[in-house]
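What follows is a set of notes on a single structure, which appears directly below.
Nothing in this text is a laboratory measurement; each read-out follows from the coordinates by a stated rule. Nothing here was measured: the structure is a model prediction, and the numbers come from that model. Reconstructed Cβ throughout: ideal geometry from the backbone, glycine too, with neighbour counts over all protein chains shown.
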Amino acid sequence: MAEFRRIQITLFVILLLQFTAVAGQNTLSVIVRAGDEVTLPCENVIIQDCSTTTWLFRHEREASVELIEHGQIKDGIPKSKSDRLSVREKCSQVIKNVTEEDVSRYTCRQINRYGQQQDPDAVVFLSVVNMEEQKNTDDRVTLICSVLTDAGCEHTVKWLYEGNETVVEITPHTCSACVIFPPHLNQKLLKCNVTDKKNGNTLLCNVGPQSSCKKPGNTTVGTDNTSTKVQCAARV
C-alpha cells in the first residue's frame, strides 16, 4: 500500500512538472524576409556548449521534428534544410536563405544526459515576408506583399508610397496587401510595412532585385503554411 502511494505521488509530481513547463514556456515571434538569414534565440540555455540543447520544429497539426540534437545538426534532415542550418552563440539556431517552408513553430528544449527535460521550453514562431510580382494585360505591374504564418494571421501589412499616391492603387487584404502601378514608376519609393500585432515589431521592406527588410531606424536584418494567393482587381 505504501509503495502504491509512493507511485501515485511520483506520477503526480511528474504531471505537475510537465504542466508547469508548458505553462511557463518562453514565447517569441520573429519576422524575416524570404531569402534572408534569421537567428532564432534560445531563451533557456543551461550549458553554453549546447550539449543539452535540442531544437525542434512543428507545423500546425503535424508532429514535431528534431533539427538539432545535443547542439549538432541531426542526421536524416533533408539536405535542402540541413545545409542552411547552424548553431551559434548561446545555442541560437540560424537559418540561411529562408523560404516559406521554414515557416513554423520552433522549440528550444534542454535535455540532460538522462533524457530528462530541464526547464520550460523556449518557443519561437517564425513568420516570413514574401513578395510576388505580376504583370497585367494593360502593362501595369502588381506587387503582392504577404506574411506567411503557421497559426493564423497576427500581422498587419500595408504598402507605403513616397510619391504621388494618385498613380498607384493600393488594396489591403488579410495579412497581405497589393499595389498596382505603371511600369515607369520608381519602385524605390515603394515599401511594404509589416507589423506584428502581438509585440509591435515592424519591418520595412523595399522593392527590387537587391530588396531587403530593415527595422525602422535600424540596420538591415535578415493560417496554413502556404502563400496567400491574392488577386488585385484591375482598375476599370
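From the alpha carbon centroid of the range 84-133 to that of the range 51-65 is 8 Å.
Loop-only GluC sites (Glu not before Pro) in the range 53-116, please: DSSP not H, G, I, E or B, and at most 16 other Cβ atoms within 10 Å.
Hits after loop and neighbour filter: Glu60, Glu62.
With a 10 Å Cβ neighbour count serving as the proxy for reagent exposure, in which order, fewest first, do Thr142, Thr27, Thr156 appear? Please list the in-between numbers first.
Working: Thr142 19, Thr27 12, Thr156 16.
Ordered from fewest to most neighbouring Cβ atoms within 10 Å, Thr142, Thr27, Thr156 come out as Thr27, Thr156, Thr142.
Other residues with beta-carbon under 9 Å from the beta-carbon of Ser212 carry, at +1 per Lys or Arg and -1 per Asp or Glu, a net charge of +1. Checking the cross-link pairs Lys74/Lys158; Lys79/Lys191; Lys81/Lys135; Lys74/Lys191; Lys79/Lys135; Lys90/Lys198 against a 29 Å limit on the alpha carbon distance flags Lys74/Lys158; Lys79/Lys191; Lys81/Lys135; Lys74/Lys191; Lys79/Lys135 as lying beyond it. Taking other Cβ atoms within 10 Å as a rough exposure proxy, Phe57, Phe125 sort from fewest to most as Phe125, Phe57.
In terms of surrounding Cβ atoms within a 10 Å radius of their Cβ, Tyr161, Tyr106 rank from fewest to most as Tyr161, Tyr106.
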